[in-house]
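The structure appears below as structure tokens.
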Amino acid sequence: MDTSHAEPENQPAASVQGRYDPAFLSVAEVFTSNFEPFENEFGADPGDLGAALCVIADGQVVLNMWGGWKDRAKTRPWTRDTLVNAYSLGKAVTAVTILSLVNRGLLDLDWRLSKVWPQFVGGGKESITLRQALSHQAGLPGIRRTMAPEELFDFATMAAALAESEPWWTPGTAHGYHVNTLGHLAGEPVRRVTQTSLGQQVRELLSNPLEADLWIGLPRSLHDRVAEVDFVDNAPKEHRPHQGDGEWEPMRYAAYFNPPGLSGIGTVNTPQWREAEVPSTNLHTNAESVAKMFNALLQPATGPLRLTESLVTEAGTTHAEGHDLILDRNSRFGLGMMLPTAERPMGISEASFGHFGNGGSLGFVDTNAKVAFGYVINRPGDRWQTPRTRRILDALKQCF
């Protein structure tokens with residue numbers, strides 16, 4: 001494929017850069033138009049502040065573009081190596097890291113967490129397996145005791161608090177999006193068996209072999225590459241305080257706000273947040289790196305991640321679906337991966353899995369279409385899926 005076609009000369013103020021194969025012109029045009037405000041079925045969308053998009057098809061990079069601004073003041077242009085907090089894309093990175101350890105025999109999906117984490121007992125927790133933790137069935141989407149704000153930044157403290165908590169439902173009998181705790185539940189076993197942090201394992205097993213920027217725990221020396229998240233005026237409605245009288249409202253509040261700042265609100269642009277390991281929520285990356293990781297899942301046996309095809313299949317197989325006790329809507333999960341639904345389509349075909357990040361970021365692999373995709377933004381939308389993401393997906397589908 002010809003990947004040498006440059007961006008057209010008539011560029012918007014956002015100064016979009018990069019290259020694309022002519023067959024993907026329509027996707028490039030939509031990506032560029034996303035930087036301008038537009039009307040949609042939900043009302044007015046302000047458009048992207050800064051963003052990057054990468055598409056790999058049949059092993060070839062057919063589109064790699066970026067543009068806009070790293071800051072709300074629009075003084076720092078987004079560049080190819082710009083990093084941004086991609087929120088829940090960290091769950092997919094966590095899952096691929098764990099599958100790599102499973103492939104090496106250091107972990108097993110059907111081990112009980114208590115096998116390597118003796119403190120993880122009580123209230124039925126001793127029956128929870130790694131598979132259940134990765135598929136949001138563990139019943140621990142939030143910590144029960146009131147946490148101090150500073151405890152957010154200490155991985156071991158957060159994991160210990162989960163080990164002390166009673167599950168909110170009988171593990172394995174229901175599912176609810178472990179929006180901020182999945183990374184601690186699945187990451188503590190990693191810490192126990194490797195004697196290093198999950199972030200270190202991400203670097204060793206994913207970032208280094210892929211030559212990719214996938215950071216859970218970002219070194220201070222790289223902070224100048226990070227885009228500011230425009231979160232204040234664009235907080236998703238899912239982040240509304242859950243303080244009603246409903247049966248599940250205390251659980252939902254804990255999932256998003258205990259400790260304060262857990263969802264990145266008020267913390268996402270701070271050095272402490274960037275340097276901490278909050279694996280479900282504070283991945284720092286770019287679109288090219290996300291696409292690289294998912295593309296590696298298309299060549300598991302011969303690629304740099306040394307994964308078996310059966311493990312990749314497991315990741316994209318439905319493990320939990322139906323009513324989600326946290327989201328209060330239907331959801332569908334594999335192992336650390338979101339799976340497409342009618343409300344939230346993901347890839348070209350149903351053989352897609354990956355993860356959305358807060359307000360519109362997305363990474364996925366489509367094993368039928370042989371496509372890997374990464375899209376990251378620093379202005380989250382105010383809907384469960386932003387129209388900007390949907391417009392790019394609609395254009396991409398027309399290319400196949």
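Here are a few things to note about the model shown:
- Residue in segment 102-113 that is in contact with a Phe, Trp or Tyr (Cβ under 8 Å, 6 or more places away or on another chain) and touching a residue at least 60 places away in the same chain (Cβ under 8 Å) present: yes
- Of residues in segment 201-220 being hydrophobic (A, V, I, L, M, F, W, C) and out of contact with any strand residue (DSSP E or B) (no Cβ under 9 Å at 6 or more places or on another chain), the one surrounded by the most Cβ atoms within 10 Å (Cβ to Cβ): LEU205
- Exactly one residue among THR79, THR94 is farther than 30 Å from LEU185 by Cα and among the hydroxyl-bearing types (Ser, Thr, Tyr), and that residue is THR79.
- Of residues in segment 350-400 being of a type in the set (A, V, I, L, M) and part of a strand (DSSP E or B), the one nearest to the chain's Cα centre (by Cα): LEU362
- Filtering segment 307-349 to residues that are in contact (Cβ under 8 Å) with a residue 40 or more places away in the chain, part of a loop (DSSP other than H, G, I, E, B) and hydrophobic (A, V, I, L, M, F, W, C) leaves LEU307, LEU325, ILE326, LEU327, LEU335, MET337, MET346, ILE348.
- Residue in segment 149-156 that is assigned to a helix (DSSP H, G or I), closer than 20 Å to VAL290 by Cβ and either in contact with a Cys (Cβ under 9 Å, 6 or more places away or on another chain) or not hydroxyl-bearing (Ser, Thr, Tyr) (or both) present: no
- Taking each residue of segment 209-220 that is closer than 14 Å to LYS292 by Cα and looking for partners that are modelled with pLDDT under 95 with beta-carbon atoms closer than 7 Å, six or more apart or interchain, yields PRO209/PRO304; PRO209/LEU305; LEU210/PRO304.
- Residue check for LEU262: under 14 Å from LEU210 (Cβ atoms), assigned to a loop (DSSP other than H, G, I, E, B) and of a type in the set (A, V, I, L, M, F, W, C): no
- Evaluation of GLY68 against the conditions (1) loosely packed, with under 15 Cβ neighbours inside 10 Å; (2) part of a strand (DSSP E or B); (3) at pLDDT 95 or above shows that the sole unmet condition is (1).
- Every residue from segment 170-186 that is over 15 Å from the mean Cα position of the chain (by Cα), over 18 Å from GLN119 (Cα atoms) and surrounded by 24 or more Cβ atoms within 10 Å (Cβ to Cβ): HIS175, GLY176
- With respect to the conditions (1) part of a helix (DSSP H, G or I); (2) touching a Lys or Arg at 6+ places or on another chain (Cβ under 9 Å), GLU188 falls short on a single one, namely (2).
- For segment 71-113, a residue qualifies if it is charged (D, E, K, R), part of a loop (DSSP other than H, G, I, E, B) and crowded, with 24+ Cβ neighbours inside 10 Å, but none of them does.
- In segment 28-45 there is at least one residue matching the filter, namely being among the acidic types (Asp, Glu) and touching a Ser or Thr at 6+ places or on another chain (Cβ under 9 Å).
- In the condition set (1) part of a helix (DSSP H, G or I); (2) farther than 22 Å from VAL268 by Cβ; (3) modelled with pLDDT of 95 or more, ALA159 is compliant with all but (2).
- For segment 361-388, a residue qualifies if it is crowded, with 24+ Cβ neighbours inside 10 Å and hydroxyl-bearing (Ser, Thr, Tyr), and the qualifying residues are SER361, TYR375, THR386.
Yes/no matrix, rows are residues, columns are (1) among the hydroxyl-bearing types (Ser, Thr, Tyr); (2) surrounded by 17 or more Cβ atoms within 10 Å (Cβ to Cβ); (3) within 18 Å of the chain's Cα centre (by Cα); (4) over 30 Å from ALA156 (Cβ atoms):
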site: ASN295; (1), (2), (3), (4): no, yes, yes, yes
site: PRO300; (1), (2), (3), (4): no, yes, no, yes
site: ARG306; (1), (2), (3), (4): no, no, no, no
site: LEU325; (1), (2), (3), (4): no, yes, no, no
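- GLY123 fulfils the conditions (1) among the small types (Gly, Ala, Ser); (2) assigned to a loop (DSSP other than H, G, I, E, B); (3) closer than 19 Å to ALA156 by Cβ except for a single criterion, (3).
- Within segment 29-59, being aromatic (Phe, Trp, Tyr) and at pLDDT below 95 holds for PHE38, PHE42.
- Filter result for ILE56 (in a helix (DSSP H, G or I) and within 30 Å of GLY187 (Cα to Cα)): no
The values are calculated or read from the model by the stated rules, or taken from the named source; none is laboratory data. As the structure is a computational prediction, the values presented were derived from the model and not from experiment. Note: ideal-geometry Cβ built from the backbone for every residue, glycine included; neighbour counts use all protein chains shown.
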